[in-house]
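Encoded as structure tokens, the structure appears first; notes follow it.
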Amino acid sequence: MSPIATAISTLGSVLDFTGSVGSGSVSPLTIASGLAELALSDDRNTTWTQIVESVTNRSDSSESKIITVDLAKGESVQNFSTRLRMLLLFMNRDIGSISATVSPSFKDDTYPAMLALVKGFQSSGASEDWRPDGPRSIRMGNARHLFVSVDMPVVDRSQSPDTLVEIVAAHKISSSWYDQHVSPRVSSHGLTTVMFGVPNSPGSEYANSIFKRERTKNALGRSSGIHFSRQLNWSAPAAV
């Protein structure tokens, strides 16, 4: 069996919410409170707050927002992103929403992200409140989160993301691929797109990336864009 097939098979067993894993339960309020405490103690709390506020206020404005976030080489945002996905699914479980994570590699990015989300729900005691919904989708109530890989696309006839599109390792994703495969599928009203990437990476990969293009637009003062720079220790948005 190939590594990818093995990963999918393993994920399928982990996603089996009918088993005894994660027994016991906690209230949604407890889940939300725990996530909030983690977020506030994180150095990235300003970024977290901006993303959540943008998503929460999407019904008040038809303008979509693009947030770019600088990372250091080798830095991971998996814990940050896992908490964000859990919170969005919880927040929108009654009203409904579709969010998505896009990353370069299934093996290196997508599978670990899916597994982290599953384990996050298991450890929170919310194992009975969510379920798998397709090969790369997790649902809580009426809210759904999709996982997309550049190197292993999924044919999915679901509705388009309308709440959040998170681009992980955006400095490795070409703008042409993004324009062809992502842009046509997402809502043009009230959507928040957040791109995590390493600025000024050497080589043509970064030069042609969606991260460089959108980061530059935000730095130039785009009205619908916000950029967070590591140079300011995540304390405030910055045009750099």
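Derivation of every value follows stated rules applied to the coordinates shown; laboratory data play no part. Only a predicted model underlies this, so the values are computations on that prediction, with no experimental measurement involved. Every residue, glycine among them, receives a Cβ derived from its backbone with ideal geometry; neighbour counts consider all protein chains shown.
Count charges around Lys172 for me, please; just the other residues with Cβ under 13 Å from its Cβ, Lys/Arg as +1, Asp/Glu as -1. With Lys, Arg at +1 and Asp, Glu at -1, the net is -2.
Database remark: amide H of Thr192 closer than 5 angstrom to the amide H of Lys65, Leu164, Val165 (H placed geometrically; neighbours at sequence offset of 5 or more, or on other chains; Pro and chain starts carry no H). In order along the range 63-71, phi translates into HN-Hα couplings of 6, 7, 10, 10, 10, 10, 10, 6, 10 Hz, rounded to whole numbers, per the Karplus curve 6.51 cos²θ - 1.76 cosθ + 1.60 with θ = phi - 60° and x for Gly and Pro.
Taking Cβ atoms as reference points and 11 Å as the exclusive limit, the residues near Arg139 contribute a net charge of +1, counting Lys and Arg as +1 and Asp and Glu as -1. Within the shell defined by Cβ-Cβ distances under 13 Å, the residues around Ala219 carry a net charge of +3, with Lys and Arg each +1 and Asp and Glu each -1.
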